[in-house]
Amino acid sequence: MADILSSLDEQQRLAAQCLVGSVAIHAGAGSGKTRTITHRIAYGVAEGRFQPNRTLAVTFTNRAAGELRSRLAQLDAHGVQVRTFHSAALRQLRHFYPQVFGKNLPSVISSKAHLVSQAAASCKVSIDREMVRDLSSEIEWAKSNIVSPDMYRALTDNRVSSLTVIEVAHVYEAYMQLLDQNNSIDFEDVLLLTLAVMKNNPDVAAQVHQQYHHFTVDEFQDVSPVQFELLTAWLGTRQDVCVVGDVAQTIYSFAGATSEYLQNFPRYFPQAQVFEITQSYRSTPEIVTFANRIGAQESKITLKSVRKSGSKVEIASFSDDESEAKKVASSILKLIESGSRAEEVAVLFRMNSQSEPLESALSDLGIPFTLRGTERFFERSEVRNAILNLRATNSELVASTLSATVRQVLSGIGWQATMPLSGRAEIEKWESLESIVRLSTDFEREHSTATVVEFVGHLDARAQLEHAPAAQAVTLTSIHSAKGLEWAHVFLIGCSEGLLPISYAKNISAVAEERRLMYVAVTRAQDSLSLSWAKARNQGTSAFRKPSQFLPDH
């Protein structure tokens, strides 16, 4: 049975051998955390300490749950339950809700957008599609933090751009009423209801406690207050829980995640045993050293690479976004010509709207690419709408120049001269529209007498050029969507103030989260890492950007 642990390093083995009581494992990026917890579960099953059908492993995504199941199957740990928090709670709720309330569980809505729009209209709050997204995210944050509409009204800071706390609370309350009227619940309600049913019904809690005796929670730095409360309810008086995570990779605070429970695990479980896994099998010493310098303020551990020395981490600055994108594209082409596969390369950025220059530069060089977690630039709804409006422009209403006309038209659908101060969806929309303004300026520079019709034709041609999909392709992705993944070669663009950290990160905790984002980004790289930033958005404009405060030499 000890053979199960024979492939683990000493740090991993010490953690995996600890099968009794509460255990916290601080595991750095690329240190083998999934390997450790799956071997721990398999070892516990083989030793007879864990009954598979009474063991529950919980994670945050279906992809991660699938990986855990696959690895446990390879270790002959069959029968262990592996679920996301939501799927585990929903399974329990579907079973217990009829017992408690005498009726079937309300239907779970797949999206908040429609009801949020209705709620806002009923409150006479005017919002657009992007504000609907931001309000939906805010309601998710509130519920994840167990904040009711009345509690929300007591907040002192506006969290949603252009809306007051009271307005958001009104929409939130109206949304809840609409859910009730439609006999529906949302994903956050699944957790809240499961928690309430267990707390208010001792017989239900007793059945759950009988069902599950041992718990493992992956990515514990991302748990929200409601998830932690639910875990505590699942445990009851038991202490048999193993959590694993990395404080330096907490990047979902906007959705309610907090590293508090991992950081201070012994405060909640006084008898806890705490382990550290610090050997990085993913990245070269150069990349690990660089990552440690970025994450030093956040991480409880210092990574150590076990790999041979590799290439130096590169940091470069460029005059504008287009120049940055062209250089990244040419560097990728050299990698591919030198034998690297396209799918081994990724370009990471803070916001999805940063992808447009990259899509263009890669297309110009014939390099196939795929976008992860978002649509291609010309497929985004705000871009399609902008082109539709430009196509319908009355020639008699055009301004003196092409770029001025584009600004005039786009101002009617949300573009303004300055970036919005907050609201993730609003800023993403603005960035997309600003990219079209930039493209018009570039096109006008090359064709001084260009018309709107000619510019729209140019956009159509670019869209067609960038449309061809490919199986073997370079990955373009936001840092958030890159979490949990790795590539041989990583390019991180936009390492400037206003992008990373993002402009709306105004307080210490928000800036700290941006630092963690950069840490997550650089630890995706295995063999080579290149960081870059542009001094200006457009060619020929004033260089107003400054390098990110997170860059080690800044």
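The values are calculated or read from the model by the stated rules, or taken from the named source; none is laboratory data. Source: prediction; values computed, not measured. Counting neighbours? That spans all protein chains shown, and the Cβs are built from the backbone with ideal geometry, glycine included.
So is Ala536 modelled with pLDDT of 80 or more, assigned to a loop (DSSP other than H, G, I, E, B) and either touching a Lys or Arg at 6+ places or on another chain (Cβ under 6 Å) or within 23 Å of Phe318 (Cβ to Cβ) (or both) or not? Against the criterion (modelled with pLDDT of 80 or more, assigned to a loop (DSSP other than H, G, I, E, B) and either touching a Lys or Arg at 6+ places or on another chain (Cβ under 6 Å) or within 23 Å of Phe318 (Cβ to Cβ) (or both)), Ala536 qualifies. Within region 227-260, restricting attention to residues that are part of a helix (DSSP H, G or I) and at pLDDT below 95, the residue that is surrounded by the most Cβ atoms within 10 Å (Cβ to Cβ) is Ala248.
Residues that are farther than 14 Å from Gly245 by Cβ and among the small types (Gly, Ala, Ser) were ranked within region 1-21; the one that is nearest to the chain's Cα centre (by Cα) is Ala16. If you check Ile301, Ile294 for being closer than 21 Å to Gln526 by Cβ, touching a Phe, Trp or Tyr at 6+ places or on another chain (Cβ under 7 Å) and at pLDDT below 95, only one passes: Ile294. Filtering region 219-270 to residues that are of a type in the set (Val, Ile, Thr) and touching a strand residue (DSSP E or B) at 6+ places or on another chain (Cβ under 6 Å) leaves Val241, Val243, Val244.
Counting only helices (runs of 4 or more DSSP H) wholly contained in region 106-188, the ones carrying 1 or more residues that are over 24 Å from the mean Cα position of the chain (by Cα) occupy 113-122, 149-153, 165-181. Going by the conditions given, is Glu47 more than 30 Å from the chain's Cα centre (by Cα) and at pLDDT 95 or above? Here the answer is no, as Glu47 does not meet what is asked.
Being small (Gly, Ala, Ser) and more than 18 Å from His86 (Cα to Cα) is a condition met by no residue of region 186-199. Filtering region 362-381 to residues that are farther than 9 Å from Leu476 by Cβ and crowded, with 22+ Cβ neighbours inside 10 Å leaves only Phe377. If you go through region 376-416 and pick out every residue that is under 21 Å from Ile502 (Cβ atoms) and either of a type in the set (Ser, Thr, Tyr) or at pLDDT below 75 (or both), you end up with 1. Can you find a residue in region 211-220 that is modelled with pLDDT of 95 or more, within 26 Å of Glu140 (Cα to Cα) and in a helix (DSSP H, G or I)? Taking every residue of region 211-220 in turn, at least one turns out to be modelled with pLDDT of 95 or more, within 26 Å of Glu140 (Cα to Cα) and in a helix (DSSP H, G or I).
Can you give me the number of residues within region 76-107 that are aromatic (Phe, Trp, Tyr), touching a residue at least 40 places away in the same chain (Cβ under 8 Å) and not assigned by the TED database to the domain that holds Gly256? Qualifying residue count, region 76-107: 2. So is Ser309 more than 28 Å from Arg515 (Cβ to Cβ) and touching a helix residue (DSSP H, G or I) at 6+ places or on another chain (Cβ under 6 Å) or not? No. Within region 486-508, restricting attention to residues that are in a loop (DSSP other than H, G, I, E, B) and touching a residue at least 60 places away in the same chain (Cβ under 8 Å), the residue that is nearest to Thr250 (Cα to Cα) is Leu500.
Residue-wise test of (1) outside the structural domain of Gln239 (by the TED database); (2) under 12 Å from Ala24 (Cβ atoms); (3) free of Cβ contacts under 8 Å to residues at least 12 places away in the same chain; (4) buried (at least 16 other Cβ atoms within 10 Å of the Cβ).
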position: Phe269; (1), (2), (3), (4): no, yes, no, yes
position: Ile287; (1), (2), (3), (4): yes, no, no, yes
position: Asn292; (1), (2), (3), (4): yes, no, yes, yes
position: Gly295; (1), (2), (3), (4): yes, no, no, yes
position: Lys304; (1), (2), (3), (4): yes, no, no, no
position: Arg307; (1), (2), (3), (4): yes, no, no, yes
